[in-house]
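Data block below; observations after.
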Ligand code: SF4
């Protein structure tokens, strides 16, 4: 374990965040080794999907001797096959022949084909105050938990290529959830005493400085809501910028804010996003985890299972074991959502289940807090619970972990076995024409 004294003396710890986007990624020192063709591919795909990286990711996480196969490189840099061949050619043609306005129009046309708001987010999840005001920066899907999207957190320290929130970052306003109306949030929480958890999400809420983050969280604490039991913060900052909790100018203020939450008897759950073991390896991450724990907050970990990045049970069992060793609580293995580059990152449900079970078998009970593989689909969070054989025929056994209708939770149901299916919509119900939750 790296000590605090050592890290403050460490040269790398002194550096400031340097971000790279489509505009300046050719200045990344390591990029030349990749050749002009690969750089152009990044440009083509990066015009459709958001692209941002930083000096920490480049220097500490990516293995530049393993390009183009390095999982952290694939996690962070746009890849040619994230677009279908047709769309890749369309975007390439636009870059070669069109002006800026037409390039953006072509990119938007492709984006709209890629299911930018999966799981009914626009139709079903937008909450309303009792006076009828729509709260566009919030989502309320499951009874106990409300999502809050502060307008200043609609970006991240770096972007993940697979991100299901990709429309948040591409500059199309109607695809964005955001709000700075914390007073409306308080009013909504007061009107809904069934809500026990508020989840700060984005983007990455930890992109906000301590002053802005405190303004939101202190307003919630000051409101003294008897129903509120947990504040969750969904963040990938431990992976992409652990200095947020160590050497950034506001790191002590951030930790002090966390302490204020826990001292108010509110559970602060830091929902950390780790996709690969490599992200947990730098000593700075371990120190940042310790500092968060020292505030009384808990850290839960989650990630989707991703082709070419972590589709291997060894990676998962090692991640879960190390997370437990560091005092974190493994929480979810997700299935890649039906949006964006799902065809590139997604894996069949049957394979995801196999990876989960083989990893689960290799860890102690302390890591078996993890659940998965789970699909965050329109009706709810659906777990692939097993493969069963009935009269010599195979079926997938499924179960709701969360449901739009709370009565669905834990109810088992079955689908025809399908080796290729990657999402609930690819599955056929077994023993019936419809899944039970589709029946009126
Ligand atoms: S850090 Fe989270 S929100 Fe940001 S791009 Fe990655 S997955 Fe998406």
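The values are calculated or read from the model by the stated rules, or taken from the named source; none is laboratory data. Keep in mind the model is a prediction, meaning the values are calculated, not measured. Please note: Cβ atoms are built from the backbone with ideal geometry, for glycine as well, and neighbour counts cover all protein chains shown.
Assess whether residue 420 counts as being farther than 30 Å from residue 326 by Cα and assigned to a loop (DSSP other than H, G, I, E, B). Spelling it out, residue 420 is indeed farther than 30 Å from residue 326 by Cα and assigned to a loop (DSSP other than H, G, I, E, B). Among the numbered conditions (1) farther than 25 Å from residue 82 by Cα; (2) more than 16 Å from the ligand (Cβ to nearest atom), the only one that residue 109 does not meet is (1). Exactly one residue out of 247, 219 is farther than 26 Å from residue 166 by Cα and in contact (Cβ under 8 Å) with a residue 60 or more places away in the chain: that is 247. The residue of segment 194-228 that is farthest from the chain's Cα centre (by Cα), among those that are surrounded by fewer than 22 Cβ atoms within 10 Å (Cβ to Cβ) and in a strand (DSSP E or B), is 197.
Restricting the search to segment 229-288, which residues are assigned to a loop (DSSP other than H, G, I, E, B), more than 16 Å from the ligand (Cβ to nearest atom) and in contact with a helix residue (DSSP H, G or I) (Cβ under 6 Å, 6 or more places away or on another chain)? 246, 247, 250, 264, 282 - these are the residues of segment 229-288 that are assigned to a loop (DSSP other than H, G, I, E, B), more than 16 Å from the ligand (Cβ to nearest atom) and in contact with a helix residue (DSSP H, G or I) (Cβ under 6 Å, 6 or more places away or on another chain). Taking segment 326-398 as the region of interest, the strands (runs of 3 or more DSSP E) fully inside it that hold 3 or more residues being assigned by TED's automatic domain parsing to the domain that holds residue 414 and over 21 Å from the mean Cα position of the chain (by Cα) are 380-390. If only residues of segment 162-210 that are away from the ligand (no atom under 13 Å from the Cβ) and more than 23 Å from residue 228 (Cα to Cα) are counted, the one that is modelled with the highest pLDDT is 209. One residue is enough: does segment 306-314 have a residue meeting the conditions outside any loop (DSSP other than H, G, I, E, B) and crowded, with 20+ Cβ neighbours inside 10 Å? No, segment 306-314 contains no residue that is outside any loop (DSSP other than H, G, I, E, B) and crowded, with 20+ Cβ neighbours inside 10 Å.
Does residue 346 satisfy the condition of being on the phi > 0 side of the Ramachandran plot and at pLDDT 95 or above? The answer is no for residue 346.
Per this entry, residue 191 is counted among residues that are surrounded by fewer than 22 Cβ atoms within 10 Å (Cβ to Cβ) and in contact (Cβ under 8 Å) with a residue 60 or more places away in the chain.
In the set (1) surrounded by 17 or more Cβ atoms within 10 Å (Cβ to Cβ); (2) modelled with pLDDT of 95 or more; (3) closer than 20 Å to residue 238 by Cα, the condition left unmet by residue 7 is number (2). For segment 41-92, the tally of residues that are without any contact (Cβ under 8 Å) to a residue 12 or more places away in the chain, surrounded by fewer than 21 Cβ atoms within 10 Å (Cβ to Cβ) and not in a loop (DSSP other than H, G, I, E, B) stands at 5. Sub-7 Å Cβ pairs linking a first residue in segment 151-164 that is in the same structural domain as residue 345 (by TED's automatic domain parsing) and over 21 Å from residue 74 (Cβ atoms) to a second residue that is modelled with pLDDT of 95 or more and more than 7 Å from the ligand (Cβ to nearest atom), at least 6 apart or interchain, number zero.
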